[in-house]
Amino acid sequence: MRSFHPVLSAVVPYTTRAMLLGLALIALAAVSWGTTGATMTLLSREVAVSPLLVGWARLAIAAPCLLAGAALREMLAPAGADRELGRLLTPAVWRERTLGPLLVTGLAMAGYQACYFTAVTLTGVAAAALLAICSAPILIAVLAATFLGERLTRAVLVCLVMAVSGTALLVMGPRGPGAIAGHFGVGALLALGAGLCYAVYAVTAKGLVSRLQPLTIAAATFTLGAVFLAPVLASAGRADLLQRAALPPLLYLGIGPTAVAYALFCAGLRRVPATAAGIITLLEPLTATTLGVLVFGESLGVPGAVGAGLMVAALVLLTAARPGPRARDPVGRAD
């Protein structure tokens, strides 16, 4: 394949250019994911929108985008290729034991939205992001050992201890302006619940990748998640979603950090090793924490900063110690 730039083509090998492009795509996706908590905070300040309603709107906006992407991929596939979306609407979904795991991923995705966006309103952007994002890979390792038979290595156990210690220190830190007095502990538990929901999603989706493409899994997961969260429309003011001030951030959440970011991450992971991708995605908690501190005036304090450092270090160590997923592994993100 020839480069669009002849000088670049002559100086930089194609494989290196492909890896640099992949890293750039993953970095853009990670930074985009890191803005979700800040967007929720801005929404709660400008418009009285329930976090559950925001979570539903995000899924409901992202689902048709991902469905369209999956349908387009199938349209462009060679003749005779499997039409996965159509197969999900036939009795084959029962025979292949695909429906049950998809329902679990949908429930986990709905739970993540509910827990994470509520946690942001109670603890602030930085603490919620660090607790949810950094705990998820550790919880995935524990769930994979429990349900998939993967061995808990010494490195994983060390990471687990570091992550638990970091969580304790982070919760001990001072409360920034984004935290609600008396509710920080509840918010911290919800943030950890969001990490657990994502871990359940990832482990369940990993069992589906031998039967379905990652994009198909994501499209079905977000669609089911929106269906499971739909009851919040009956208890929340639907008019809140139609307020002029609410529409731009809601559209951004559904399209930017969800549908587009997922596509960028999928494209990037095809060009770089999964271990490198895992390290680059650390830009997500870094972005969220930076926005929380600089934009919203939040403060982690010394204990919180040490705890955040321990959690990030555990994530780096875990990424380096465990072999990354192959390109066909579930690479969709919940945040």
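What a 1.4 Å probe finds exposed on the stretch 102-151 is 73% carbon and sulfur by accessible area, rounded to a whole percent.
Heavy-atom accessible area, probed at 1.4 angstrom with all protein chains present, ranks Ile61, Ile133 as Ile61, Ile133, highest first.
The Leu152 and Leu72 beta-carbon pair, evaluated with R₀ = 35 Å, returns a calculated FRET efficiency of approximately 0.30.
Among Leu192, Leu170, Leu294, Leu21, the sequence by solvent-accessible area, most first, with a 1.4 Å probe is Leu294, Leu21, Leu192, Leu170. Once the 1.4 Å probe is applied to the protein heavy atoms, the stretch 44-146 comes out at 40 Å² accessible per residue. In a simple Cβ point-charge model (Lys, Arg +1; Asp, Glu -1; nothing else charged), the stretch 68-128 has a dipole of about 100 debye relative to its Cα centre. Annotation: extensible slack from Ala267 through Thr16 equals 88.8 nm (criterion: 0.36 nm per residue apart, minus Cα-Cα distance).
The values are calculated or read from the model by the stated rules, or taken from the named source; none is laboratory data. Computed from a prediction, not measured in an experiment: that's the story for all the values here. Using ideal geometry, Cβ is built from the backbone for each residue, glycine included, and neighbour counts are taken over all protein chains shown. Surface accessibility is based on the protein's heavy atoms, side chains included, excluding ligands, DNA and RNA. Shrake-Rupley method; radii C 1.70, N 1.55, O 1.52, S 1.80 Å.
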